[in-house]
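Reviewing the structure listed below.
What follows is calculated from the coordinates using simple rules that are stated; it is not laboratory data. As the structure is a computational prediction, the values presented were derived from the model and not from experiment. Cβ placement follows ideal geometry from the backbone for every residue including glycine, while neighbour counts extend to all protein chains displayed.
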Amino acid sequence: MNLLDLLVDATLETIESMTFMEVIKSEKTTPYDEHMVRLRVEILINKPFPGEMRLVLPQELAVQFTKNMYNLSDEEITEELVQDVLGEIVNVISGRLMADLVPEDQIFELGLPLIGPDVFVQAEASSLSVEFDAEETPFWVILFGDGFQESFDKMGHV
Amino acid sequence: MKEIMIVDDSATSRMFIKRCVEVILTDQDEVTCYEAGDGKEALGKLKENPTDLVLIDLNMPVMDGATLLRWLKGSPKLTHIPVIVITSVDNPAKRDELKELGAYEVLSKPIAPAKLMPVVNQVFNLQPDDFGF
């Protein structure tokens, strides 16, 4: 078990239970396609260490998540609803991960999710990026900050 | 008749919680769920109409869940209402802190009927046969 495993478990369990879609960790690396419309959802970790979790996904997948969760048709989906769904997904994934990384006697705090279009940036050195597939559509979950690995090491996960 | 207030800034989370409540209490006489997007809005609505149960998220703008919980437990008119906190920032330390503030129970997201059912059972003194599944 390592930090990547914890992130994968938190992501798979959250998205599958909320969207009723099969999700797997991808074994390939999809090159960045600048023509694909992608959304980015960010949430800050405020305590016990500063960090950030980011979900990057194609807009069409975000709409599919929303349709599944609300059982709605394309015409009924609004941008506001899609943003709300994505914010809640990232909120839950980050909460599940942090619960595994923070000692039981310590409190952790998250910020509120921020959602917008994705802009490609070269990943910083202290980041962990994982690619997933939801019905053959790739999406990514990325952690920024040293605190995640340091907390994992302190917890002594086996 | 049972009236339940669901407080969460995410419409998606409110929808999930409402579905769970409706599934759990499907065989009950009548269940009415009210919704609020933050603690301040919820407090205003609860002062007008105190419900039988309040389900609150912690991480909300305007007034967060912990502040709402303090207000509810500090109000003679509302202090009797059981409050279940449903949060993504759940761990034993947080749970202890919230129970000291007066939370009836603390549950982690994502919420599911099986997770919420035993707590609702206790709040309303329902027997397993009273549930719809």
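Using a cut-off of 24 Å between alpha-carbon atoms, which lysines can reach B:K77, once sequence neighbours fewer than 8 places away in the same chain are excluded?
B:K2, B:K40, B:K45, B:K47, B:K99
Find how many whole Å separate the alpha carbon centroid of segment A:76-149 from the alpha carbon centroid of segment B:20-92.
Cα centres, segment B:20-92 to segment A:76-149: 27 Å.
How many Cβ atoms of partner chains, on average, are near each residue of A:91-99 if near means within 10 Å of its Cβ?
Per residue, the number of nearby Cβ atoms from other chains is 6 on average.
Would you work out if segment B:2-130 is rounded, prolate or oblate? Take a ≥ b ≥ c from the square roots of the eigenvalues of the alpha-carbon gyration tensor; rounded if a/c is under 1.5, else prolate when a/b is larger than b/c, oblate otherwise.
Note, shape of segment B:2-130 comes out rounded.
Given the Cα-Cα distance of A:S129 and A:M36 and 0.36 nm per residue of separation, how much length would full extension add, in nm?
31.6 nm
Pop out the ³J(HN,Hα) list for segment A:13-22 in order, Karplus 6.51 cos²θ - 1.76 cosθ + 1.60 with θ = phi - 60°, rounded to Hz; leave Gly and Pro as x.
Here the 3J(HN,Hα) series is 5, 5, 5, 5, 6, 8, 10, 6, 10, 6 Hz.
Using just the helices of chain A, give the 222 nm mean residue ellipticity in deg cm²/dmol: DSSP H runs with n ≥ 4 each add -39,500 (n - 2.57), and the total is spread over all residues, rounded to 500.
So the helix-based figure for chain A works out to -12500 deg cm²/dmol.
Scan segment A:71-150 for chymotrypsin sites (Phe, Trp or Tyr not before Pro) in coil per DSSP, keeping those whose Cβ has at most 14 other Cβ atoms within 10 Å, and list them by number.
Qualifying residues, ordered by number: A:F120.
Convert each backbone phi in segment B:10-17 into a coupling constant with the Karplus relation 6.51 cos²θ - 1.76 cosθ + 1.60 (shift: θ = phi - 60°), then list the ³J(HN,Hα) values in order as whole Hz, x for Gly and Pro.
Result, ordered by residue: 8, 4, 5, 5, 4, 5, 4, 5 Hz.
Rounded to the nearest 500 deg cm²/dmol, what is the calculated helix-only ellipticity per residue at 222 nm for chain B, with -39500 (n - 2.57) per DSSP H run of length n ≥ 4?
-13000 deg cm²/dmol
Count the net charge of all other residues whose Cβ sits under 15 Å from the Cβ of B:E97, scoring Lys and Arg as +1 and Asp and Glu as -1.
Numbers: positive: A:K47, B:R70, B:K73, B:K94, B:R95, B:K99; negative: A:E104, A:D105, A:E109, B:D64, B:D90, B:D96, B:E100, B:E105.
Every neighbour counted, the sum reads -2.
Can you give the average number of partner chain beta-carbon atoms within 10 Å of each beta-carbon in peptide A:7-18, as a whole number?
1
For peptide B:11-21, compute the average count of partner chain beta-carbon atoms within 10 Å of each residue's beta-carbon.
4
Straight-line reach from A:K25: which aspartates and glutamates fall under 18 Å, measuring Cα to Cα and dropping same-chain residues less than 8 apart?
A:D5, A:D9, A:E13, A:E16, A:E131, A:D133, A:E135, A:E136
Sequence-distant or interchain residues sharing an amide H contact under 5 Å with B:E35, placed H: which?
Distant-sequence amide H within range of B:E35: B:I6.
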